[in-house]
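Colleague: After the structure tokens below, expect a handful of questions from me.
The values are calculated or read from the model by the stated rules, or taken from the named source; none is laboratory data. Please read these numbers as outputs of a predicted model, since none were measured by experiment. Note: ideal-geometry Cβ built from the backbone for every residue, glycine included; neighbour counts use all protein chains shown. Accessible surface is based on the protein model in full, side chains and every heavy atom, while ligands, DNA and RNA are left aside. Shrake-Rupley method; radii C 1.70, N 1.55, O 1.52, S 1.80 Å.
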Amino acid sequence: MEKVRTILTHTYPYPHEHSRHAVIAVAVGCLFFISSDNIQTLVEKLDNNIKWWSMYACLFGFFYFFSSPFIGKTIKPSYSNFSRWYIVWILVAAVYHLPSFLSMGVDLRMNLSLFLTIYVSSIVFLLVFHIIFLGLWYIGLVSRVAGKRPEILTILQNCAVLSVACCVFYSHCGNRAMLRERPLERRNSNWFSFLKKEERNTWLAKFLRMNELKDQVCSSWFAPVGSASDYPLLSKWVIYGEIACNGSCPGSSDEISPIYSLWATFIGLYIANYVVERSTGWALTHPLSVKEYEKLKKKQMKPDFLDMVPWYSGTSADLFKTVFDLLVSVTVFVGRFDMRMMQAAMVHDGNQQGDLLYDHLSEKDDFWFDFMADTGDGGNSSYAVARLLAQPSLRTLIGDSVVTLPRGNLLLIGGDLAYPNPSAFTYKRRLFVPFEYALQPPPWYKAEQIAVNKPEVPGGAELKQYNGPQCFVIPGNHDWFDGLQTFMRYICHRSWLGGWFMPQKKSYFALQLPKRWWVFGLDLALHGDIDVYQFKFFTEVIKEKVQEDDSVIIITHEPTWLTDWYFNDVTAKNVTHLICDYLRGRCKLRMAGDLHHYMRHSHVKSDGPVHAHHLLVNGCGGAFLHPTHVFSKFKKLNGVSYECKAAYPSFEDSSRIALGNILKFRKKNWQFDFIGGIIYFVLVFSMFPQCELNHILQHDSFSGHLRSFIGTVWNGFTYIVEHSYVSLAGAIVLLIAAYSFVPSKLSRKKRAIIGVLHVSAHLFAALILMLLLELGIEICIRHKLLGTSGYHTLYQWYRSVESEHFPDPTGLRARIEQWTFGLYPACIKYLMSAFDVPEVMAVSRNNICKNGLQSLSRGGAMTYYASVFLYFWVFSTPVVSLVFGSYLYICINWLHVHFDEAFSSLRIANYKAFTRFHIKSDGDLEVFTLAVDKVPKEWKLDPDWDGETRTPQQLSHLRRFPSKWSAATSHQDPVNTVKIVDHFVIERTQKNDCDNAVNEPVQ
């Protein structure tokens, strides 16, 4: 007997609620019915006028570019679903007015009116059903699993699919399947008979005659299920259909309409499937074979990583909170309250060694340690780096030689632990989750518990006796946005970051390493410098502990040597004073993050003193990528010349990557739509409507049209400047924002020029889009395709043919109207009006052009501008992203400004790196920077990790395979793709290094 296992699947979504089978069936049915028409005849009737085809090209082009970002997997389902139905709504509403469909003999009005009617009826019916079913669950007549309410969006989508199916059937079959006589041969004739052996030739011939095949399908598969006499109890509630006859039919039959049969079938299938699943719980628990169980387990077992932060989102609550926290921190904490002062006050003189100075690693042999910074952005990138850090060893190449690099005994993190702001959510999901997946904390560790008496060494031993990996962290500017509260709670008052033990108690520290090496971790806060108490602590350590031939590594969050050069500023004066006047040549390496790339500058040998021998930036710990080419001309710091020895990515690759702002800005930042569309609409708000467009349309040549078009755009610009209020105010606000957006490193004149050019590009793009939209409406109005009747044209047409196509001999509709107090026809009426946005826009436009805007009521004016915005938003959002992305590309590659803004928009998860150090037996420091060019996007449960035997209390760093997830494809796994991008050796400090720097002035 086959072994089976029971697995609990997700309680939601249920298969029927998100099944794609109905959508696929409807799509296949549409293709079949369309292909069954006489294609040759339709092609011959296509409209050849270039004007209409140009309009089609513009319309579909804009809608395609608007929809293109929502095709990828990175888009949230909620917004993706909204955009899909939104696009279908306004695109169909626009297309059905254009003449090409009419010239092909296709009238969409019946389909649209029928769709909306069935759609509303289906929604009401299913809502009533769900309310009744929930009532039965409440009183206990169905099982407990029925209590999960379905999503409203799911009901709307199901109703839309079945309504489309009914419309397709009716438009291609109608009621032709209904005959008064139903002879036996008609019942037995169906298109499966084509498969009989003796009729193979007939089958091929009939297959080529698609019209006949369609008629067979209509008459066989969609034949009526009976008459009213067959269902006497329901005879007053059914919808009757017309008799299949030539010309007008004298009366209605008692046959049930096939469209009602099809609708009832779909509704019945939905209800039956829902009741079975929700009342029996079959969808929740069912037996699986061992093979199916393992396959489903692998599919379900995937990490729940967060996407990279959308820095250009207009709807992100995290970003608004970040701005608020930053304003509070700058205005309240900076200069008024500093958490570092409180930390200094909490350090007792007798306990300073345990709070800020750590020497428990100084006697280790063959010591390795790692440095990384700026993690906690995208889950994939953060975990990729954490997975590399957690491996017992990494094998890679240096030239042609294979080297093995053991895991670091110590991990140093250079700040910015989670983006965009420090909170419990971001620290847990963006920082702790990736690191815990890479190296699990001890089994007894409880994340919610506060470490009171740090360091809480496992087993109660002394800190020197713990041989597992340890971690020390300095805060970055993002960690200071809440005044360092979250950092203190999760770093200084917790004992474990994944499997890395954290003895740290304060936000800054001094570490004594083997072979007379030191690490000073400095906390710059939001000041960009260390405070006086911190300065006092480090100077005392230097005087009392650091000997003349010791070597010191300074870690700060911000690489002030690069940022000061870039912004032409002087910051971190206390840090410079500490290095130049106290360490005096013993600072062998300055390290920092903040810039999310890797760059190393080494001093150029000269006769003068060298205060810091090497300058290293490595902020590739998991955040978005920063460029390197904008810092390529940095040469000097404190009078010492430096040379760039390594850059990752290279200057050429960095410049090439910036091109993505033109091509990928909107796909990466689709949330920017909410800002860009509104901005463009405000810029041209006063220009709607354009009533005088004869001078553009009357030209015969394309060049004449173009000259008139450009002239009208310029006239629109002058109108905004001279007469507009709303648009001019929007342009001025945008100009102020554009000027402020330009980095302050440029002069005011250059900032003004760049701001004016930037706003001008947006303004003229908005004017062009406005005029294109107005021209399209004007052309349709002149050809009587729009604005012919009124706001309720579609409903009036539907009422005129309702009795013909859907007779109601029992007066059912009249009774429903009476029972709903007129709500039933009113809902259909206004739903059709809301659907037909182009008609509402055209009618309102005609009224404004004839009688002025004052002729409309306030509600009428709001309706007009709302209808215009619905289309203008779609047209403008791809353009505003294109203009803004082009602006960022020009600035970053030509002017070398906006390095942060131009690369945060790309949200690049690739090019991740960390630096591994080895203190050699002779005291020299060997440095390896390891990197992966491409970060995997798909992960699976690592079979080696899952299959490795382990004891219940075993620490994860003792495991051979410590990381839970590996890349879905092995050749993309970071362990297999890691490479060395920089390798150098720092010699230990000699006595003459210190002697040469004595009493030398700082330049």
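Colleague: Within segment 672-683, how many residues are more than 15 Å from L773 (Cβ to Cβ) and either modelled with pLDDT of 85 or more or crowded, with 21+ Cβ neighbours inside 10 Å (or both)?
Modeller: 7
Colleague: Condition (residue is more than 25 Å from H983 (Cβ to Cβ), among the charged types (D, E, K, R) and at pLDDT below 90) applied to segment 397-414: is it met by at least one residue?
Modeller: no
Colleague: Filter segment 784-816 down to residues that are among the hydroxyl-bearing types (S, T, Y) and either assigned to a helix (DSSP H, G or I) or within 40 Å of the chain's Cα centre (by Cα) (or both) and give me whichever is modelled with the lowest pLDDT. It would help to see each step written out before you state the result.
Modeller: Filtering segment 784-816 down to residues among the hydroxyl-bearing types (S, T, Y) leaves 788-789, 791, 793, 795, 798, 800, 803, 810.
Then drop every residue that is not either assigned to a helix (DSSP H, G or I) or within 40 Å of the chain's Cα centre (by Cα) (or both), which leaves 791, 793, 795, 798, 800, 803.
Details: Y791: 82, T793: 80, Y795: 82, Y798: 79, S800: 79, S803: 70.
Looking at residues that are among the hydroxyl-bearing types (S, T, Y) and either assigned to a helix (DSSP H, G or I) or within 40 Å of the chain's Cα centre (by Cα) (or both), I get S803.
Colleague: Considering each residue of segment 926-959, count those that are crowded, with 22+ Cβ neighbours inside 10 Å and farther than 23 Å from S970 by Cβ, and give that number.
Modeller: Adding up the residues that qualify gives 1.
Colleague: Moving on. If the requirement is being polar (S, T, N, Q) and not in a strand (DSSP E or B), which of these qualifies: S641, S606, S602?
Modeller: Result of the check over S641, S606, S602: S606.
Colleague: Do any residues in segment 156-171 that are touching a residue at least 12 places away in the same chain (Cβ under 8 Å) and under 17 Å from L126 (Cα atoms) have Cβ atoms under 8 Å from those of residues that are of a type in the set (S, T, Y) and open to solvent by 10 Å² or more (accessible area, probe 1.4 Å), where the two are at least six apart or on different chains, and which pairs are they?
Modeller: N158/Y270; C159/Y119; A160/Y119; L162/Y270; S163/Y119
Colleague: Shifting gears a bit: For segment 714-727, what are the residues that are open to solvent by 50 Å² or more (accessible area, probe 1.4 Å) and among the aliphatic types (A, V, I, L, M)?
Modeller: V721, V726
To keep it simple, each residue is scored yes or no on (1) open to solvent by less than 30 Å² (accessible area, probe 1.4 Å); (2) within 30 Å of L895 (Cβ to Cβ); (3) of a type in the set (V, I, T).
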| site | (1), (2), (3) |
| --- | --- |
| I754 | yes, yes, yes |
| A761 | no, yes, no |
| F764 | no, yes, no |
| L769 | yes, yes, no |
| L773 | yes, no, no |
| L786 | yes, no, no |
| W797 | no, no, no |
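Here is a yes/no grid of residues against (1) in contact (Cβ under 8 Å) with a residue 24 or more places away in the chain; (2) not β-branched (V, I, T):
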residue	(1), (2)
I696	yes, no
S701	no, yes
W714	no, yes
A731	yes, yes
S740	no, yes
L767	yes, yes
L775	yes, yes
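Colleague: Right, next: Please find, within segment 642-662, the residue that is farthest from H577 (Cα to Cα) out of those that are open to solvent by 50 Å² or more (accessible area, probe 1.4 Å) and free of Cβ contacts under 8 Å to residues at least 40 places away in the same chain.
Modeller: R656
Colleague: Further question on the same structure: Here is a check on your reading of the model: is D523 touching a Ser or Thr at 6+ places or on another chain (Cβ under 9 Å) and outside any helix (DSSP H, G or I)? Don't jump to the end; show me each part of the working.
Modeller: Working: touching a Ser or Thr at 6+ places or on another chain (Cβ under 9 Å): yes; outside any helix (DSSP H, G or I): yes.
Considered against the rule, which asks whether it is touching a Ser or Thr at 6+ places or on another chain (Cβ under 9 Å) and outside any helix (DSSP H, G or I), D523 comes out as yes.
Colleague: How about segment 684-758: which helices (runs of 4 or more DSSP H) wholly inside it have at least 3 residues that are out of contact with any strand residue (DSSP E or B) (no Cβ under 6 Å at 6 or more places or on another chain) and over 15 Å from E774 (Cα atoms)? It would help to see each step written out before you state the result.
Modeller: Values: elements: 694-697, 702-722, 726-741.
Fully inside segment 684-758 and qualifying: 702-722, 726-741.
Colleague: A further question follows. Can you confirm whether segment 505-513 contains a residue that is in a helix (DSSP H, G or I), open to solvent by 10 Å² or more (accessible area, probe 1.4 Å) and touching a helix residue (DSSP H, G or I) at 6+ places or on another chain (Cβ under 8 Å)?
Modeller: So far as segment 505-513 goes, no, none of its residues is in a helix (DSSP H, G or I), open to solvent by 10 Å² or more (accessible area, probe 1.4 Å) and touching a helix residue (DSSP H, G or I) at 6+ places or on another chain (Cβ under 8 Å).
Colleague: Okay, moving on. Can you pull out the residues in segment 367-395 that are surrounded by fewer than 23 Cβ atoms within 10 Å (Cβ to Cβ) and among the aliphatic types (A, V, I, L, M)?
Modeller: The answer is L394, and nothing else.
Colleague: Can you go through R590, R600 and tell me which one is touching a strand residue (DSSP E or B) at 6+ places or on another chain (Cβ under 7 Å), within 20 Å of Y566 (Cβ to Cβ) and free of Cβ contacts under 8 Å to residues at least 40 places away in the same chain?
Modeller: Working: R600 fails: free of Cβ contacts under 8 Å to residues at least 40 places away in the same chain.
Going through R590, R600 in turn, the sole match is R590.
Colleague: Can you name the residue in segment 829-846 that is open to solvent by 50 Å² or more (accessible area, probe 1.4 Å) and of a type outside the set (S, T, Y) and, of all such residues, is farthest from E774 (Cα to Cα)?
Modeller: Applying the filter and picking the extreme gives K829.
Colleague: Separate question: Among the strands (runs of 3 or more DSSP E) confined wholly to segment 396-485, which include 3 or more residues that are in contact with a strand residue (DSSP E or B) (Cβ under 9 Å, 6 or more places away or on another chain) and surrounded by fewer than 15 Cβ atoms within 10 Å (Cβ to Cβ)?
Modeller: Once the strands (runs of 3 or more DSSP E) in segment 396-485 are filtered for at least 3 residues that are in contact with a strand residue (DSSP E or B) (Cβ under 9 Å, 6 or more places away or on another chain) and surrounded by fewer than 15 Cβ atoms within 10 Å (Cβ to Cβ), what remains is 401-406.
Colleague: Would you be able to tell me the number of residues in segment 490-499 that are within 23 Å of Y383 (Cβ to Cβ) and assigned to a helix (DSSP H, G or I)?
Modeller: Number satisfying all stated conditions: 2.
Colleague: Could you run through segment 380-395 and say how many residues are part of a strand (DSSP E or B) and touching a residue at least 24 places away in the same chain (Cβ under 8 Å)?
Modeller: So the answer is 1.
Colleague: Right, here's the next one. Taking V630 and the conditions (1) open to solvent by less than 20 Å² (accessible area, probe 1.4 Å); (2) closer than 17 Å to A592 by Cα; (3) out of contact with any Leu (no Cβ under 8 Å at 6 or more places or on another chain), which numbered condition does it fall short on, given that it satisfies the others?
Modeller: V630 satisfies all of (1) open to solvent by less than 20 Å² (accessible area, probe 1.4 Å); (2) closer than 17 Å to A592 by Cα; (3) out of contact with any Leu (no Cβ under 8 Å at 6 or more places or on another chain) except (2).
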